[in-house]
Amino acid sequence: MIRLKDVELVYENGTKAIQGITLTIEDGEFVFLVGPSGSGKSTIVKLLTGEILPTFGRVMINGFSIMNIKDRQIPLMRRTLGVVYQDFRLIEKKTVYDNLSFVMRAVGASPREIKERIPRVLHLLDLDDKAQCRPPELSGGEQQRAAIARALVNNPSTVIADEPTGNLDPDRSVELMRLLVKINQMGTTVVVVTHARELVNRFGKRVVTLDEGLVTHDAVGRYVGGRRYG
Amino acid sequence: MWGGAAMGKHDFSYFFQEGLKNMASHRLMSFTAISMTVGCLLIMGTFTLVAVNTALNLSALANSNEIVAYVDEAWTPEQARALEKQLLKVPNVTAARYISKEEALQAYTEQNPEEELFQDLDPGIFRDRYALTIENLEQIAYTVGQVERVPGVVKVNYYEEMASGIVTVRNVAAIVSAALIGVLFVVSTFIISNTIRLTTYDRREEIAIMKIVGATNGFIRWPFVYEGFLMGVVAAGIAFLLQWGLYAAVTDAIAGNDAQRLFSILPFSRIWAPVLGSFFGAGMAVGIGGSLTAIRRFLEV
Ligand SMILES: Nc1ncnc2c1ncn2[C@@H]1O[C@H](COP(=O)(O)OP(=O)(O)O)[C@@H](O)[C@H]1O
Ligand SMILES: [Mg+2]
């Protein structure tokens, strides 16, 4: 479960990116986080991964309280999350397989676990025959799926994707969302940050709308509001 | 999520391989760092070995931590022998060896066999004496003064200039080599640290991803520690072999030019263990120190 309570975040340069947000995401939910550019979506992702600490308020992630967490526990908290970035952040000189084995290794998976798990994840994302390719040899969609594969490979309870369709054409974007819905149906909590209005409206999921660091709408169904977006 | 046990487990072969890969990814920098460390270790080793051999020869030459206290001729042999206790009470005197006139004469004729003139000397012209061993050479003048004040002692002989000369040479050599070694250590650590910083820079994307997926700081750090360790150990091994060769060459050269064996040199077989030990110790300290300085900063958050 993810819970933000009265969260405020002021960056060092004085930018008030989050101005008081209270939000709960239950286990197994699928949530779209939408809003215009600069409304604070990526800042919320950074708060959820523990990259930054709230200036005020409380953040709870899968049983860890970010304010009271010990340094030693931050890795444990992060292991409950799988994060997908808009720019993929795949290691270009490693093959897709090695990109996955590398993050499994990093959290202490054994070679046997790695050998069993990776083919299953690659299959789920329809990347079976791309295992030995390096990211630059893949199409945008394939790279995006590889990034999702890496987020899933450590079997997190929550997947957070920041603008995962940013670099994809509309058809590919719909395909990707279907995939995330499928992952959600398999029991993983999914939080998708996007500003693709049509896409969001198509899926009929819970939509949390941000504007200027505040939640302006939180309802199932449609992307409402937003004076500007893009 | 994979076993919580992995949090603390040390996957040696993985870290070691990653460390090797790091080293291989910067062959030129690693080579430079290792060469510099080899140079530092060689200078350190050569300095120390020269100092050790010089000290050995100087003290053999002068026997300078021994002073001779002559006993009043009017004293009976029994009285002379009883002086030993008094002499041992003088601070800084660690041993007192009694030498009678007869023994002194015998030693003298043995040392100067070619001087026939002295062969039938009367022991009466020699005095009974004590050979005193001094612990702290630097206080020799003061100690001599105190020995002279012991009743029954009439004269004290010692190599004042030689003694103070040795002390000065030894102190200067110790200070110079300590300073030099210190500077070289800092330089080596700095170069290794820079090499590793370069690797961390190359791998910054991987490090960022490892953090995001929940790798511990320790897990991220270890490959770099092994990288530094490996550089230090390789440098120590190379430096040891070079030091050995250099020492052998210098020993041969001196032996060839020193027919009278005025200068004696410790054989390498007697010093290889401490040399090897200190090279590896210093190499590892420099390597690990370098890697820790390199990775200290970038592991926050
Ligand atoms: N590291 C930062 N330092 C200062 N200001 C930042 C930083 N990151 C984002 N901001 C500012 O915070 C606000 C919210 O940014 P962000 O969360 O990235 O928005 P979004 O992802 O919704 O486009 C913006 O005004 C942005 O300029
Ligand atoms: Mg953003």
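The values are calculated or read from the model by the stated rules, or taken from the named source; none is laboratory data. Predicted, not measured: the structure shown is a model, and the values here were computed from it. Ideal geometry is used to build each Cβ from the backbone, glycine not excepted, and the neighbour counts take in all protein chains shown. The area values use the complete protein model at the heavy-atom level, side chains included, leaving out ligands, DNA and RNA. Shrake-Rupley method; radii C 1.70, N 1.55, O 1.52, S 1.80 Å.
Quick notes on this one:
- Annotation for the stretch A:1-88: GluC sites (Glu not before Pro) lying in DSSP loop with at most 10 further Cβ atoms inside 10 Å of their Cβ are A:Glu12.
- For the peptide B:202-212, the mean number of other protein chain Cβ atoms found within 10 angstrom of a residue's Cβ is 5.
- Cα-based radius of gyration for the protein assembly as shown, normalised by 2.2 N^0.38 Å, reads 1.64.
- Along its first, second and third principal axes, ordered by size, the stretch B:194-253 spans 62, 18, 10 Å in Cα coordinates.
- Distance violations [Cα-Cα > 23 Å] among A:Lys130/B:Lys211; A:Lys93/A:Lys115; A:Lys93/A:Lys130: A:Lys130/B:Lys211
- Accessible area buried, both sides summed, chains A and B with 1.4 Å probe, Å²: 2300
- Reducing the stretch B:197-212 and the stretch B:21-53 to their Cα centroids gives an inter-centroid distance of 27 Å.
- Taking the longest Cα principal axis of chain A as reference, the axis of helix A:96-106 is set at about 70 degrees.
- Ranking A:Thr189, B:Thr133, A:Thr216 by solvent-accessible area of protein heavy atoms (1.4 Å probe, all protein chains present), from largest to smallest, gives A:Thr216, B:Thr133, A:Thr189.
- Cross-link partners for B:Lys101 among the lysines, with Cα-Cα distance under 17 Å and sequence neighbours closer than 8 places in the same chain left out: B:Lys155.
- Stokes-Einstein diffusion coefficient of the stretch A:90-155, Kirkwood radius over Cα pairs, 20 °C, 1.002 mPa s, in µm²/s: 188
- Distance between the stretch A:155-230 and the stretch A:23-56 - C-alpha centres, whole angstrom: 12
- Accessible surface for A:Leu53 stands near 110 Å², nearest 10, in the context of the full protein assembly shown (1.4 Å probe).
- On the protein assembly as shown, 57 percent of the accessible area sits on carbon and sulfur atoms, based on a 1.4 Å probe.
- Just so you know, the averaged projected area of the alpha carbon convex hull for the stretch A:1-87 sits at 6.1 nm².
- Mean Cβ neighbour count within 10 Å, used as a protection proxy, ranking B:196-204, B:29-37 highest first: B:29-37, B:196-204
- Bridges between two residues of chain A, per DSSP, are antiparallel at a rate of about 55%.
- Interface burial in the stretch A:65-79, defined as at least 30 Å² less accessible area with all protein chains than with the chain alone at a 1.4 Å probe, covers A:Pro75, A:Leu76, A:Arg78, A:Arg79.
- Heavy-atom accessible surface of the protein assembly as shown, averaged per residue, reaches 51 Å², computed with a 1.4 Å probe.
- Using alpha-carbon coordinates, inclination of helix A:140-153 to the longest axis of chain A, degrees: 90
- At least 30 Å² of accessible area lost relative to the chain alone, listed for the stretch A:104-118 with a 1.4 Å probe: A:Arg105, A:Ala106, A:Val107, A:Gly108, A:Glu113
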